[in-house]
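Accompanying notes for the structure given below.
The values are calculated or read from the model by the stated rules, or taken from the named source; none is laboratory data. On a predicted model such as this, the values are computed, not experimentally measured, just so you know. Here Cβ is always computed from backbone atoms with ideal geometry, including for glycine, and neighbour counts include all displayed protein chains.
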Amino acid sequence: MLDSPAAARPAAHPAVGKWALFVVISAIFFLISGATFSSLGVVLPSMIAEMSWTWSQAGAGFSLFALTVGLASTVPAWILRHLGIKATYGIGGLVMTLGFCLLALTRNFHQYLFAAALLGLGFASCATVPAVFLLTGWMPERRSAAIGAYMTIGGLGAVAGPIVANRILTVSHSWRVHWWAMAAAMLALTGLALLYVRPPPEVKAAGVEPKALAHERGAARVYQTASDWRFRDAIRTRHYWVISVAMTATLLCVLTANSWAVTHMGTLGVTAAVAAGVLSAAGAVSALSRALGGVLATRVDPKWLLVGALAGEALSMAALSVAGNWLAITIFFIAEGFGFGMCLFATAVLLVNYFGATDNPEIYGTFNLITTAAMVGPLAGGIAADHFGGFAGVFQVYAAGLLLVVALAAFMRPPGLHPERRSTY
């Protein structure tokens, strides 16, 4: 059962309480983004050297973590509905803390896999699903800006993660110290979440739209549903599936590029150091593009932000296919960073604008589960490259496929009928 909003509201001024909440959940996203996806690759070489693992074994843990994040995407919605939002962050934070502790104590390959799976489960429970629910409920009048700022902070965590990990390894000469530090930081932030995270007040009642949302809609001409959709109705619309396909296609490109861009650019004469720097630059642009989305989303319909993001991602794949010169390299990292960051932001906001806040944890959680299909990208890219002798054709096919998704998104119109009167598409 959800926490009672009236009983759980902060005693302090509501504005202070909601901004404290924003700081805490953003700090959690910063930490888990920096300590997992972006920095695990920095720590793995030291773990491999001590454990005498193969690269395949080490990569299996990374893949299991990513797979668990996707498969567990609906878990936070279940916890939220049955135990409340505090429990969502509390359980997720403790599971992540346990995962970091087990990594620090790892003595064999199976412990490593178990720890990676726990981190994936904890990550899903502490990341965007509960955060979008909170930001939509606590900041309805500026939810686009709040979601954009939250995602930007997470993106900056991914930029800072490798730097922090490398510094800890350099100073301590122990990869175990790094994981203990991450466990301590996660435990501290979980404690703060239990203090400051509270269920949002009701933002709509009896189908009446709050003045703040009505004003934003009228001033910005941005579509926002006047009545919240039920989960079962939302997932039957073509809009939901176009948005899901758009994010899946973008992730397919991003994961494939992150896996094979360095190898591909190496065949074009680009050094590994330069190629790695290019990927880091794309990460920084991605973080900035999320902030840009938060600024634009109250003035430009997020549908067009999504169209722009998909076009940018298509351009990045085309540029990557010939990235043997600085012009193509520059186009690649700017378009790649913009495309991924803006798509991540625009899809989250569109799901709220089209279907409302009430069932968003289920709607957004299932959306994340669908995008797990993108994890076939690196494998498919590798197989295709083996068959055709290189990655240029792979990235060109991805670019062409994205143009089809651009068309689907561009012609998508808001689901304008009241959800209880809708027939399925």
**Request:** Counting only residues that are closer than 25 Å to Ala276 by Cβ and touching a helix residue (DSSP H, G or I) at 6+ places or on another chain (Cβ under 7 Å), give me the helices (runs of 4 or more DSSP H) lying completely in region 23-108 with at least 1 of them.
**Result:** 40-51, 55-71, 85-104
**Asked** Given region 127-235, what helices (runs of 4 or more DSSP H) lie entirely inside it while holding 3 or more residues that are more than 25 Å from Gly356 (Cβ to Cβ) and modelled with pLDDT under 85?
**Response** 143-172
**Message:** Are there helices (runs of 4 or more DSSP H) fully within region 322-425 with at least 2 residues that are at pLDDT 90 or above and closer than 30 Å to Ala124 by Cβ? List them.
**Reply:** 326-355, 360-370, 392-410
**Message:** For region 302-354, give me each residue that is over 16 Å from Trp241 (Cα atoms), out of contact with any Gly (no Cβ under 7 Å at 6 or more places or on another chain) and of a type in the set (S, T, N, Q).
**Reply:** Ser321, Asn325, Thr330
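Every residue, every condition in (1) of a type outside the set (Gly, Ala, Ser); (2) crowded, with 19+ Cβ neighbours inside 10 Å; (3) closer than 28 Å to Phe340 by Cα, yes or no:
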site: Ala124; (1), (2), (3): no, yes, yes
site: Val132; (1), (2), (3): yes, yes, yes
site: Thr136; (1), (2), (3): yes, yes, yes
site: Met139; (1), (2), (3): yes, yes, yes
site: Arg143; (1), (2), (3): yes, yes, yes
site: Ile163; (1), (2), (3): yes, no, yes
site: Pro199; (1), (2), (3): yes, yes, no
**Prompt:** Just wondering, is there one or more residues in region 15-23 that are modelled with pLDDT under 85 and crowded, with 16+ Cβ neighbours inside 10 Å?
**Reply:** yes
**Request:** Name the single residue, out of those in region 165-197 being surrounded by 17 or more Cβ atoms within 10 Å (Cβ to Cβ) and of a type in the set (Ser, Thr, Tyr), that is nearest to Pro140 (Cα to Cα).
**Result:** Tyr196
**Prompt:** Out of the residues in region 264-276 that are in a helix (DSSP H, G or I), more than 18 Å from Ala318 (Cβ to Cβ) and in contact with a helix residue (DSSP H, G or I) (Cβ under 9 Å, 6 or more places away or on another chain), which is modelled with the lowest pLDDT?
**Reply:** Ala276
**Message:** Being surrounded by fewer than 23 Cβ atoms within 10 Å (Cβ to Cβ), at pLDDT 90 or above, of a type outside the set (Gly, Ala, Ser) and on the phi < 0 side of the Ramachandran plot is true for just one of Leu292, Leu306. Which residue is that?
**Reply:** Leu292
**Item:** Hits in region 282-312 - residues which are more than 25 Å from Phe355 (Cα to Cα) and either within 16 Å of the chain's Cα centre (by Cα) or not assigned by TED's automatic domain parsing to the domain that holds Val406 (or both)
**Value:** Ala282, Gly283, Ala284, Val285, Ser286, Ala287, Leu288
